[in-house]
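S.K.: The structure's right below; bear with me while I get my questions together.
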Amino acid sequence: MFKPCAEDRPLVVQFCANDPDILLNAAKYVEDHCDAVDINLGCPQGIAKKGNYGSYLLEKTELITSMVRKLRDNLKVPVTCKIRCLPNQEDTLHLAREIEKAGASLLTVHGRTREHNK
């Protein structure tokens, strides 16, 4: 297992996922070697669309919050998320609040929508 040196701290490991159990299994491999685990819900790339992850999950609030809760309840390190803006402010704020309620310690909002890819 990779062991980071002190200069690499704080160290956050980012995952893309669409299954809470698979995500937890992957995060368990790194939790003793990082300071937080981040769920990337902002990727707008075609590969994310094909794989059903990243910004293509933004309309699936229940799936997102289940992944956050699964990590929060089972990891020793904080859980963070990165999202993009949804088409309207109300939906973006609703998603952000739900992620917070699910237990994310930090939320980063990329100030563009999925369609603002480049």
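The values are calculated or read from the model by the stated rules, or taken from the named source; none is laboratory data. Quick caveat, the model's predicted, so the values are computed rather than measured. Protein only, heavy atoms only, side chains kept; ligands, DNA and RNA dropped before computing areas. Shrake-Rupley method; radii C 1.70, N 1.55, O 1.52, S 1.80 Å.
S.K.: Stretch L63-L93 to full length: gain in nm at 0.36 nm per residue minus the Cα-Cα span?
M.R.: Working: separation 30, 0.36 × 30 = 10.80 nm, distance 1.68 nm.
Using 0.36 nm per residue and subtracting the Cα-Cα distance, I get 9.1 nm.
S.K.: Moving on to the next point. Do you know the relative contact order of the chain, to the nearest whole percent, from alpha carbon pairs under 8 angstrom that are 6+ apart? Intermediate results must be reported in sequence, preceding the final value.
M.R.: Values: 198 pairs, mean separation 30.3, N = 118.
Normalised by residue count, the contact order of the chain is 26 percent.
S.K.: Let me ask you something else. Can you give the accessible area of H116, probe radius 1.4 Å, in Å² rounded to 10?
M.R.: 100 Å²
S.K.: In square angstrom, what is the accessible area per residue of the stretch 56-118 with a 1.4 angstrom probe?
M.R.: Values: 3660 Å² over 63 residues.
Per-residue accessible area for the stretch 56-118 comes out at 58 Å².
S.K.: Moving on to the next point. How large is the helix-only mean residue ellipticity at 222 nm for the chain, computed as the sum of -39500 (n - 2.57) over DSSP H runs with n ≥ 4, divided by its residue count, in deg cm²/dmol to the nearest 500?
M.R.: On the way: 4 runs with 45 residues, N = 118.
-11500 deg cm²/dmol, from helical runs alone.
S.K.: Next up: For C16, list long-range residues whose amide hydrogen, built 1.01 Å from N in the peptide plane, is under 5 Å from its own amide hydrogen.
M.R.: N40
S.K.: Once the Cα atoms of helix 89-102 and of the chain are each reduced to a long axis, what angle between those two axes, in degrees from 0 to 90 to the nearest 10, is obtained?
M.R.: Approximately 30 degrees, to the nearest 10.
S.K.: While we're here: Report the Cα centroid-to-centroid distance between the stretch 70-96 and the stretch 1-61 in angstrom, as an integer.
M.R.: The stretch 70-96 and the stretch 1-61 have Cα centres separated by 12 Å.
S.K.: Continuing with this model, one more query. Given a 1.4 angstrom probe, I'd like the percentage of the accessible area of the chain that is carbon and sulfur, rounded to a whole number.
M.R.: Values: 3580 of 6860 Å².
Carbon and sulfur together cover 52 percent of it.
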